[in-house]
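The values are calculated or read from the model by the stated rules, or taken from the named source; none is laboratory data. Source: prediction; values computed, not measured. FYI the Cβ positions are ideal-geometry reconstructions off the backbone, even for glycines, and counts take in every protein chain you see. These area figures cover heavy atoms from the full protein model, side chains too; ligands, DNA and RNA do not enter into them. Shrake-Rupley method; radii C 1.70, N 1.55, O 1.52, S 1.80 Å.
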Amino acid sequence: MPPQRRRRAAVPDDEDEEMPMQAESPDGGDSDGGDPMEGIERAESSQLIKKLVRYALACEYSRTPIRRDGIKEKVLGPQGREFKKVFAGAQKQLRAAFGMEMIELPARDRNLLTADQKRKAAKSQNHKEPSSNSYMLVSVLPEDYRAPAIIAPSKVQSADGEASYVGLYSLIIAIITLSGGELSDPRFRRHLARLNATENMPSLNPNNENAPNEKTEVVLQRMIRQGYLVRVTEARTQDDEDSTTWHVGPRGKKEVDGESVASLVRTIYGGSTDELEKKLQASLKVKDRKTNVAAVIEDEEVPQVAPAAAGPSSRRRSRRRPASEEDDNE
């Protein structure tokens, strides 16, 4: 009898010990075979995605191109084959958390190649479209949320310095674009003289009393290094001088595109007219805007005024009518 009691007591003890093991087994993973390895791979991919997001933000902070070689070297390391998977995951996190995404920069224009580079390109049998393998961050927010009142200039060194720098390279890119995409060095210098920027330009920290300005050549070199401008110098014969031309760089083409140039021109001219839109359409191939700014403001405010209303609202309408008429006459 005592042995039978021991057996009966041992059976429930074994069952009690097996119950926690059965409860823990579903937590390991979805399948029985490779649950630990799949968990490790997911954790490694998650870390690589976060690392790529940090690398992209750091590059954009300094306006440095996000190069594919740099991603493989500084982010992926020996896991270079995971580029597509990690890149797609980083894109999702950038869109969801920061409202940005990585886009590929355009490759270097073949028209900007030197004579030797053109000959080498002609000899090569690779007729595929060249890829830059470089990226930059752009905003994916709706247009209504890209207003300067919402997205203020970044405080890299100074918000005022950043705003002046953005306005300066945007204006230079607009001048080159409206000049056919190319400017000779003498014409480029004449435009700088009109801007009173032949020798000095505002620095990135104009509030610094010791150095509120920078040399023009230093600022131009920064724009070239960051990809806003391209300077091409062709060596001539011994009797002729070298020919230097200025073009828009890859970052400048993406950041200040045709629509941005047209918007800058409309702002400078104080609105949009039919004649101005025709010129912009011919030069930039942008969308035509037939209504001017004053007409849009008047159309927005007139429905809000009651028919019998008088006083300040009627005075506002009477003041805007001559402005719209003058714009139409021009």
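Points worth noting:
- Using the Cβ-Cβ distance between K85 and N200 with R0 = 41 Å, the FRET efficiency computed as 1/(1 + (r/R0)^6) comes to roughly 0.25.
- Estimated inter-spin distance, D109 and K285, nm [label 7 Å along Cα→Cβ]: 1.3 nm
- Full-stretch length increase - R190, S132 - with 0.36 nm per residue and alpha-carbon distance subtracted: 17.6 nm
- Near the amide H of N200, within less than 5 Å, lie the amide hydrogens of T216, all on another chain or at least 5 residues away, with H placed in the peptide plane.
- Extension gain for N210 to S243 (0.36 nm times residue separation, less C-alpha to C-alpha distance): 8.2 nm.
- For the stretch 129-248, carbon and sulfur atoms together expose 47% of the accessible surface, with a 1.4 angstrom probe and every protein chain in place.
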